[in-house]
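Quick notes on the structure that follows.
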Amino acid sequence: MVRYSEYFLTTLKEDLSNKEIASYSLSHRAGLIRKIASGIYAFLPLGYRVLKKIENIVREEMNRAGAIEMLMPAVQPADLWVESGRWQIYGPELFRLKDRNDRDFCLGPTHEELFTSLAHVDIKSYKNMPLNLYQIQVKFRDEIRPRYGILRAREFIMKDAYSFSSNEEDLDIIYNKMFEAYCRILERLSLKYFPVEADTGLIGGKSSHEFIILAGSGEDELLYCPECGYAANYEMAKFTPSQKKNGNIETPQETKEVHTPSIANIKSLSAFLNVPAEKIIKTMLLKDNDGNLFYVLVAGNREINIQKVQNCAGTALELIDSQTDDTGIAIGFIGPLGLDKNVRVYADNSLKGSVNMVAGANKKDYHIKNVCPGRDFNPDIWGDFSFPLDGDLCSVCGKPVKFEKGIEIGHIFKLGTKYSEKMDAMFLDSNGKLNPIIMGCYGIGVSRILAASIEQLHDDKGIIWPLSIAPFMVNLIAINMEDVKIAEAAEFIYSELAGAGIEVLFDDRNCRAGVKFKDSDLIGIPVKVVVGKNFLENKKLEIELRKDSGKIALDLENTIKFIKEYPQNNLF
RNA sequence: CGGGGUGUAGCGUAGCUUGGUUUAGCGCGCCUGCUUUGGGAGCAGGAGGUCGGAGGUUCAAAUCCUCUCACCCCGACCA
């Protein structure tokens, strides 16, 4: 297929100055990618081969699931974004540009607007649906801080699908098909992954799942239960707060005001009063757009999860802190006692059944001891408003949960009518009535998969590609091209392997064998076929496997047979 | 956006504190020749730098000052 001497492949012995993480260092050293600018990369021929293979797996599974491929432009006119309201909402992450006539455009970070606008023009009737359209496209997000090479780039390649249906049932069917397709994709890539419940936020919708690939260097944290298999994004994970058992049950005491001068945070309060943080009621002050106040209570050792509070309140909330404070309230000394009836008090489950707690006195430099929820105050709502901690229990089966780091590789989402309503994408139902189209969107990071695969599968010698996306199946190594007999034999074997339909990289360079072996391991080709003395003397080729360095010697015919059968029994 | 750091050959770097001994050094890679050829070879020779850019100080600037650009790191709500 390819001769090394005629190919464009440059490997590097030395590392980058900025090593960051294995996948970046290796994809650079192995000649897969080159950095062009911050967060912007070129795919070199070898990397592009891998990318194409990933794309094809994604494409095959999307087609199998009934989605239809098309292609939208990467540059999008601003008016569509104004229509959806996101031109205003989207921050500096949206890469905006103007044309020569000063018209506004952006580089698409995602394509809801374009697909919804297409639906507006071309979907008129319930008879046109259900429909699921997808593309494999370049996206651009001007990230705050691009890092980890291609794992978190500003320009990246993504498959995004958008579904259109006339009823919730059809949406559910497509959603489930996409869920299954994503599982199939990740399994074909031999990646360890978790489908995880994700936040649907204020948009609502029944469900959303993220597909997380396990990797220690990942930026996403997930919670899972080894017992029952429940898994969720750290941000929205349901759990039961563990209650510290002190053995004897505490008797509720009388409340007592204590002077706590300038002790305005949990850490110093805990030290000042000599009580553990979990015995303190942390009170956070939030407000909605109309200025309504929300007091959110959580155990002092925990952190409030504003997203969960928002989901419960059904409105966007903003934290009021000492920097932004304009309420005249003694931030740092607020508490649940003696509050106006018109403020809402939300209490986290971690405070349920607690007694003799310390809380702010709503008076500068004072706290109150021995506060008992239920006796001294009653919150409007008890609920889950915090992040899980080590030792917390699974909300499904009650067993202790575990945490794992990972990389988000895919996200599927029931959009509902959010975009179709704003952008007037309506259809006529069987009764002749106009309704907004019900949508879903389904994304998977194609270029991110490349990096994540390396992150998950490599050793100190280099990359270990799974067979499904290895740039080549076989690296044919001629031990010494100056030896005419070996060179001739290698040429013959090369044409035999290529003729048998095997993807082979023929390392025909006139260099020492060691260089070829090191390079082969670095770029991670699954099977090495070595032509050397053993072939001249015994007509035997040596086969060495990248994954475990296993070696066997076979004649040419059996080598081809072995290679052809190898993928049937192995993933990598 | 806030704080910090770095820009010297394709890559990795030394030199900068204390300006002149540097014709800017070294390793990898690259080119030529000879030797070598089973896990990143050896010897010999060679090409490649406006020291990120602009201005300034000075007899003299990679080195000091100012501005600028690029890249990188850390942080960006937790009473």
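Give the number of residues within region A:213-226 that are assigned to a loop (DSSP other than H, G, I, E, B), open to solvent by 30 Å² or more (accessible area, probe 1.4 Å) and within 9 Å of A:Cys394 (Cα to Cα).
Number satisfying all stated conditions: 0.
Going by the conditions given, is A:Ser208 under 21 Å from A:His111 (Cα atoms), modelled with pLDDT under 95 and within 19 Å of the chain's Cα centre (by Cα)?
yes
Identify, from the list A:Val355, A:Val396, the residue that is assigned to a loop (DSSP other than H, G, I, E, B) and more than 37 Å from the chain's Cα centre (by Cα).
A:Val355 is the lone residue from the list that is assigned to a loop (DSSP other than H, G, I, E, B) and more than 37 Å from the chain's Cα centre (by Cα).
In region A:14-29, which residues are without any contact (Cβ under 8 Å) to a residue 40 or more places away in the chain, near RNA strand B (Cβ under 8 Å from one of its atoms) and open to solvent by 50 Å² or more (accessible area, probe 1.4 Å)?
Those that are without any contact (Cβ under 8 Å) to a residue 40 or more places away in the chain, near RNA strand B (Cβ under 8 Å from one of its atoms) and open to solvent by 50 Å² or more (accessible area, probe 1.4 Å): A:Glu14, A:Asp15, A:Ser17, A:Asn18.
Yes or no: A:Val358 open to solvent by less than 40 Å² (accessible area, probe 1.4 Å) and either among the basic types (Lys, Arg) or within 11 Å of RNA strand B (Cβ to nearest atom) (or both)?
Answer is yes for this residue.
Out of the residues in region A:225-265 that are among the hydroxyl-bearing types (Ser, Thr, Tyr) and modelled with pLDDT of 85 or more, state the one that is farthest from A:Trp382 (Cα to Cα).
So, considering only residues that are among the hydroxyl-bearing types (Ser, Thr, Tyr) and modelled with pLDDT of 85 or more, the one farthest from A:Trp382 (Cα to Cα) is A:Thr260.
Tell me which strands (runs of 3 or more DSSP E) are completely within region A:81-175 and hold 3 or more residues being within 16 Å of RNA strand B (Cβ to nearest atom), or say none if there are none.
It comes to A:95-98.
Name the pairs whose Cβ atoms lie under 7 Å apart, with the first residue in region A:75-101 and more than 22 Å from A:Phe156 (Cα to Cα) and in the same structural domain as A:His120 (by TED's automatic domain parsing), the second open to solvent by 70 Å² or more (accessible area, probe 1.4 Å) and not aliphatic (A, V, I, L, M), and 6 or more positions between them or separate chains?
A:Glu83/A:Lys422; A:Ser84/A:Lys422; A:Gly85/A:Lys422
For region A:533-555, state whether one or more residues are near RNA strand B (Cβ under 6 Å from one of its atoms) and either of a type outside the set (D, E, K, R) or modelled with pLDDT under 95 (or both).
Restricting attention to region A:533-555, the residues satisfying the condition of being near RNA strand B (Cβ under 6 Å from one of its atoms) are A:533-534, A:542, A:544.
Now drop any that are not either of a type outside the set (D, E, K, R) or modelled with pLDDT under 95 (or both), which leaves A:533-534.
There is at least one residue in region A:533-555 that is near RNA strand B (Cβ under 6 Å from one of its atoms) and either of a type outside the set (D, E, K, R) or modelled with pLDDT under 95 (or both).
For (1) within 15 Å of RNA strand B (Cβ to nearest atom); (2) modelled with pLDDT of 90 or more; (3) more than 23 Å from A:Glu278 (Cα to Cα); (4) open to solvent by less than 20 Å² (accessible area, probe 1.4 Å), each residue gets a yes or a no:
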| position | (1), (2), (3), (4) |
| --- | --- |
| A:Thr315 | no, no, yes, no |
| A:Ile334 | yes, no, no, yes |
| A:Val371 | yes, yes, no, yes |
| A:Phe377 | no, yes, no, yes |
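When you check A:Ser420 against the structure, is it small (Gly, Ala, Ser), open to solvent by 10 Å² or more (accessible area, probe 1.4 Å) and either part of a strand (DSSP E or B) or over 23 Å from A:Phe194 (Cβ atoms) (or both), yes or no?
no
Can you name the residue in region A:30-39 that is in contact (Cβ under 8 Å) with a residue 24 or more places away in the chain and near RNA strand B (Cβ under 8 Å from one of its atoms) and, of all such residues, is most open to solvent (accessible area, probe 1.4 Å)?
Applying the filter and picking the extreme gives A:Lys35.
Please work out which one of (1) open to solvent by 60 Å² or more (accessible area, probe 1.4 Å); (2) under 21 Å from A:Lys238 (Cβ atoms) is the condition A:Gln310 fails and give its number.
(1)
Of everything in region A:264-281, what is outside any helix (DSSP H, G or I), closer than 18 Å to A:Ile331 by Cα and either open to solvent by 30 Å² or more (accessible area, probe 1.4 Å) or among the small types (Gly, Ala, Ser) (or both)? Give them in sequence order.
Filtering region A:264-281 down to residues outside any helix (DSSP H, G or I) leaves A:264-265, A:274-276, A:280-281.
Of the ones still in play, those that are also closer than 18 Å to A:Ile331 by Cα are A:264-265, A:280-281.
Hits for region A:264-281 are A:Ala264, A:Asn265.
When the residues of region A:288-307 are narrowed to those that are near RNA strand B (Cβ under 9 Å from one of its atoms) and in a strand (DSSP E or B), which ends up surrounded by the most Cβ atoms within 10 Å (Cβ to Cβ)?
Here the answer is A:Val296.
How many residues are within 18 Å of A:Lys564 (Cα to Cα) and under 42 Å from the mean Cα position of the chain (by Cα) if we restrict to region A:478-525?
So the answer is 12.
Just give me the residues in region A:128-148 being in contact with a Leu (Cβ under 9 Å, 6 or more places away or on another chain) and not aliphatic (A, V, I, L, M), in sequence order. Show your work before the answer.
The initial filter retains those residues of region A:128-148 that are in contact with a Leu (Cβ under 9 Å, 6 or more places away or on another chain), namely A:130, A:133, A:135-142.
Within region A:128-148, A:Pro130, A:Gln135, A:Gln137, A:Lys139, A:Phe140, A:Arg141, A:Asp142 qualify.
Got a number for residues in region A:526-548 being hydrophobic (A, V, I, L, M, F, W, C) and over 39 Å from the mean Cα position of the chain (by Cα)?
5
Can you tell me how many residues in region A:503-520 are near RNA strand B (Cβ under 6 Å from one of its atoms) and open to solvent by 20 Å² or more (accessible area, probe 1.4 Å)?
6
Could you tell me whether any residue of region A:337-344 is open to solvent by 20 Å² or more (accessible area, probe 1.4 Å), over 20 Å from A:Pro388 (Cα atoms) and touching a Lys or Arg at 6+ places or on another chain (Cβ under 9 Å)?
Checking region A:337-344: not a single residue is open to solvent by 20 Å² or more (accessible area, probe 1.4 Å), over 20 Å from A:Pro388 (Cα atoms) and touching a Lys or Arg at 6+ places or on another chain (Cβ under 9 Å).
If a residue must be open to solvent by 60 Å² or more (accessible area, probe 1.4 Å) and in contact with a helix residue (DSSP H, G or I) (Cβ under 7 Å, 6 or more places away or on another chain), how many such residues does region A:550-572 contain?
Total satisfying the criteria: 0.
For region A:521-549, enumerate the residues that are open to solvent by less than 60 Å² (accessible area, probe 1.4 Å), under 27 Å from A:Leu186 (Cα atoms) and without any contact (Cβ under 8 Å) to a residue 40 or more places away in the chain. Before the answer, list the steps.
Narrowing region A:521-549 to residues open to solvent by less than 60 Å² (accessible area, probe 1.4 Å): A:521-532, A:534-535, A:541, A:543-546, A:549.
Going one step further and asking which of them are under 27 Å from A:Leu186 (Cα atoms), we end up with A:521-528, A:544-546, A:549.
Matches in region A:521-549: A:Glu544, A:Leu545, A:Ser549.
Out of A:Val515, A:Val484, I need the residue that is more than 30 Å from A:Ile157 (Cα to Cα) and modelled with pLDDT under 95. Which one?
The match here is A:Val484.
Kindly list the number of the only condition in (1) within 16 Å of RNA strand B (Cβ to nearest atom); (2) in contact (Cβ under 8 Å) with a residue 60 or more places away in the chain; (3) touching a Ser or Thr at 6+ places or on another chain (Cβ under 9 Å) that fails for A:Ile469.
Failed condition: (1).
Could we say that A:Ile329 is over 30 Å from A:Pro400 (Cβ atoms) and open to solvent by 30 Å² or more (accessible area, probe 1.4 Å) here? Let's see the steps before the verdict.
Details: over 30 Å from A:Pro400 (Cβ atoms): yes; open to solvent by 30 Å² or more (accessible area, probe 1.4 Å): yes.
Considered against the rule, which asks whether it is over 30 Å from A:Pro400 (Cβ atoms) and open to solvent by 30 Å² or more (accessible area, probe 1.4 Å), A:Ile329 comes out as yes.
The values are calculated or read from the model by the stated rules, or taken from the named source; none is laboratory data. Just so it is clear, the structure is predicted and the values come from calculations on it, not from any experiment. Cβ coordinates were reconstructed from backbone atoms using ideal geometry, including for glycine residues, and neighbour counts include every protein chain displayed. Ligands, DNA and RNA are stripped out before the accessible areas are found, and what is left, the full protein with its side chains, is counted by its heavy atoms. Shrake-Rupley method; radii C 1.70, N 1.55, O 1.52, S 1.80 Å.
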